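Visitor: I'd like to ask some things about the structure below.
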Amino acid sequence: MQQKTKNRPPAFFPAMNSTSSKAPGSAAPKSPKPGELDNQARLLLLVNGLFIAAGALSGTFVNVYLWKVKSQFAPIAWFTFATHLAGALTFWLAGAYVKQFNKMNILRAGMAGSALFYLLVLLAGPQAVSYAVWLGLVQGMAVGFFWLAFNVVYFEITGPDNRDRFNGWAGLLASVGGMLAPWMSGWLISRLPGNNGYRLIFALSLALFVVGGIISFFLKKRQSEGTYSWGFSFRCLREEPKWRLAAAALAAQGMREGVFGFIIGLFVYIATKSEMTLGNFWLITSAVGLLSYYAAAKWYAPRYRKWGMLTGAVMMSGILLLFFWQVSYTTLLAFGIVVSLAYPLFSMPMISTVFDLIGTNEQSAKNRVEYVVLREFALDVGRLVGISLFLLVTAISVSASTLNWLVFAIGTGPVLAWLCMKSLFPGPGTDDAKQSRT
């Protein structure tokens, strides 16, 4: 990663790292070195880590909880579909408030909404499966609020010289949460009688969201500017070729995420009938992901993005061929380990390059809220397409062969994403920071 002063982001990057002016003669606030993260970035990483840990504690087991009540894919798929539909609409509708008012209130609304979701699950108990779509809508609104505000603030406090570093640490914290939280959940569920373990982990998730909401008050209120453009996303896709490519890549990524976000955990539970084994699965795969993200955070630079992303995409897609041989805990674990190794190679170039596009010039930086909405729209369109395809195919057949081909077809999304993104990466022998802004 380049660390030279000349490669610092230009003035149109609203890094928001400055503090209020001091009295004459007082010491000036210490600025972070190029490529390093300031205190606000670290605090945002903490809030992000709590949000992800709370979701990891219960997220996978919500699907298992619904499966145990009614052993069908459809309710869980509809729950996931409703979540992403509500998330996309929330991004679009809440964008106006984020741009013109206090975006931190939207971030806190996301934490509060997530706490409400788990409160409703606790109150509904086994009847939650009957309200799966409605619960999905509540969760989707909460997730939409949080990630809209988070992504805008993330853009404001990072630039091309430290964006890969932030993404690496965010992935590292997510891996820690994804490693410990599900394992703890599986252990508690397996040790407590009946559904007591489920009720306990849902209550713990609720508490973590509350704590994250409290910590978010230490994030500075960020300046709002301009008027929200409701039709910006459509105009951008019509007028900006680079964003058409980026949106197509995001949709391909989302197609995989929408289905794999719930089906892999279900496959592990169906194969083993053990919540503890499912917790161990996430413990092992997230530990591998932690090491992979640590290495990526330390050594991944913009010049590696193009071929690094391709390597990750091929690994993530190719390992799916293993399921044509056998779907068992062993093959699922092998899949999880390979994906954990490959995912940082794939995701970090996607995230960093798309946000570098947002900061291409002063005008695009001013429209950062609309660009973040466009980014999430593209992801959610892909997620909804993937889940719709899953619902359609499984309504016809749920045979092992059908599921294998369906999962393989959807799982090639990362390769499609790379084909769309490859022309947006810096070329060999060019200045990384300069290329990331062009």
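Visitor: Would you grab the residues whose amide H sits under 5 Å from the one on Leu192? Only those 5+ places off in sequence or on another chain, please, with H modelled 1.01 Å from N.
Guide: Amide H to amide H, under 5 Å and 5 or more residues apart or across chains, Leu192 pairs with Gly197.
Visitor: Over all directions, how big on average is the projection of the convex hull of the alpha-carbon atoms in segment 42-81, in square nanometres? If you can, show how the numbers build up before the last one.
Guide: Values: hull surface 12.4 nm².
Projected area, direction-averaged: 3.1 nm².
Visitor: Show me 206-218, 149-161 ranked by packing, highest mean number of other Cβ atoms within 10 Å first. Display every interim value, and only then the final one.
Guide: Numbers: 206-218: 17.9, 149-161: 23.9.
Those peptides, ordered most packed to least, come out 149-161, 206-218.
Visitor: Rounded to the nearest 0.05, what FRET efficiency do Gln100 and Leu120 have when you use their Cβ-Cβ distance and R0 = 30 Å?
Guide: On the way: r = 30 Å, r/R0 = 1.01.
Approximately 0.50, to the nearest 0.05.
Visitor: Given a 1.4 angstrom probe, what's the average accessible area per residue across the chain, in square angstrom?
Guide: Numbers: 18200 Å² over 438 residues.
Counting only protein heavy atoms, the per-residue value for the chain is 42 Å².
Visitor: Quick check: pseudo-label points 7 Å beyond the Cα along Cα→Cβ at Asn39 and Ala207, how many nm apart are they?
Guide: Between Asn39 and Ala207, the simple spin-label model gives 2.9 nm.
Visitor: Report the extension gain between Asn404 and Thr227 in nm, rounded to one decimal, defined as 0.36 nm multiplied by the number of residues separating them, less their alpha carbon distance.
Guide: Numbers: separation 177, 0.36 × 177 = 63.72 nm, distance 4.75 nm.
Extending this stretch completely gives an extra 59.0 nm.
Visitor: Listed highest first by mean packing, meaning other Cβ atoms within 10 Å per residue, what order do 374-381, 267-274, 392-399 come in?
Guide: On the way: 374-381: 24.2, 267-274: 17.8, 392-399: 12.0.
In descending order of packing, they fall as 374-381, 267-274, 392-399.
Visitor: Right, next: For segment 324-378, take the alpha-carbon Rg, divide it by the Kirkwood Rh, and send me Rg/Rh. Show your work: numbers first, answer last.
Guide: Numbers: Rg = 17.7 Å, Rh = 13.8 Å.
We get a ratio of 1.28 for segment 324-378.
Visitor: Putting +1 on Lys and Arg Cβ atoms and -1 on Asp and Glu Cβ atoms, find which of Ile201, Leu135, Phe346 reaches farthest to the positive end of the dipole of the chain.
Guide: Phe346
Visitor: Let's see if you can work this out: charge +1 on each Lys and Arg Cβ, -1 on each Asp and Glu Cβ, no other charges. What is the dipole magnitude of segment 161-313 about its Cα centre, in debye to the nearest 20?
Guide: Numbers: 17 positive and 7 negative charges, 63 e Å.
In total the dipole reaches around 300 debye.
Visitor: Hey, rough spin-label estimate for Leu192 and Leu291, points 7 angstrom out along Cα→Cβ, what's it come to in nanometres?
Guide: Modelled inter-label distance: 3.3 nm.
Visitor: Still on this structure, please answer the following. For Trp282, Trp187, give the ranking by accessible area with the largest first, probe 1.4 Å. Walk me through the intermediate numbers first.
Guide: Numbers: Trp282 65, Trp187 105 Å².
Reading off the accessible areas and sorting them downward yields Trp187, Trp282.
Visitor: Ok, one more. Taking all pairs of distinct Cα atoms, average 1/r, flip it, and tell me the Kirkwood hydrodynamic radius of the chain in Å to one decimal place. Don't skip to the end; give the middle numbers.
Guide: Values: mean 1/r = 0.0451 Å⁻¹.
By the Kirkwood definition, the hydrodynamic radius is 22.2 Å.
Visitor: Can you pull the Rg over Rh of segment 286-438, Cα-only, Kirkwood?
Guide: On the way: Rg = 17.7 Å, Rh = 17.3 Å.
Rg/Rh: 1.03.
Visitor: For Ser397 and Phe217 in the same chain, what is the full-extension length gain: residue separation times 0.36 nm, less their Cα-Cα distance, in nm? Show your work: numbers first, answer last.
Guide: Numbers: separation 180, 0.36 × 180 = 64.80 nm, distance 4.95 nm.
Contour length minus Cα-Cα distance gives 59.8 nm.
Visitor: What's the magnitude of the charge dipole for the chain around its Cα centre, counting Lys and Arg as +1 and Asp and Glu as -1 at the beta-carbon? Answer in Debye, nearest 20.
Guide: Details: 36 positive and 17 negative charges, 143 e Å.
Rounded to the nearest 20 debye, it is 680 debye.
Visitor: Name the helices (complete DSSP H segments) of the chain with a Cα length along the long axis of 18 Å or more and a Kyte-Doolittle mean of at least -0.5, or state none.
Guide: 39-69, 73-100, 103-124, 132-157, 163-191, 196-215, 241-272, 275-299, 305-318, 329-358, 368-396
Visitor: Still on this structure, I have one more. May I ask you to give the percent of accessible area on the chain that is carbon plus sulfur, with a probe radius of 1.4 Å?
Guide: Details: 12100 of 18200 Å².
Summing carbon and sulfur atoms, their accessible area is 66 percent of the total for the chain.
Visitor: Continuing with the same structure: Tell me the net charge near Gly140. Cut-off is 15 Å between Cβ atoms, Gly140 excluded, with +1 for each Lys or Arg and -1 for each Asp or Glu.
Guide: -2
Visitor: Could I have the simple spin-label model distance between Ser423 and Asn361, label points 7 Å from Cα toward Cβ, reported in nm to one decimal?
Guide: 1.9
Visitor: Continuing with this model, one more query. With n ≥ 4 as the cut-off for DSSP H runs, can you work out [θ] at 222 nm for the chain, using -39500 (n - 2.57) per run divided by the number of residues, rounded to the nearest 500?
Guide: Details: 16 runs with 324 residues, N = 438.
Value at 222 nm, helices only: -25500 deg cm²/dmol.
The values are calculated or read from the model by the stated rules, or taken from the named source; none is laboratory data. Since we're looking at a predicted model, the values are computed, not measured. Cβ: placed from backbone, ideal geometry, glycine included. Neighbour counts: every protein chain shown. Just the protein is used for accessible areas: all its heavy atoms, side chains included, with ligands, DNA and RNA removed. Shrake-Rupley method; radii C 1.70, N 1.55, O 1.52, S 1.80 Å.
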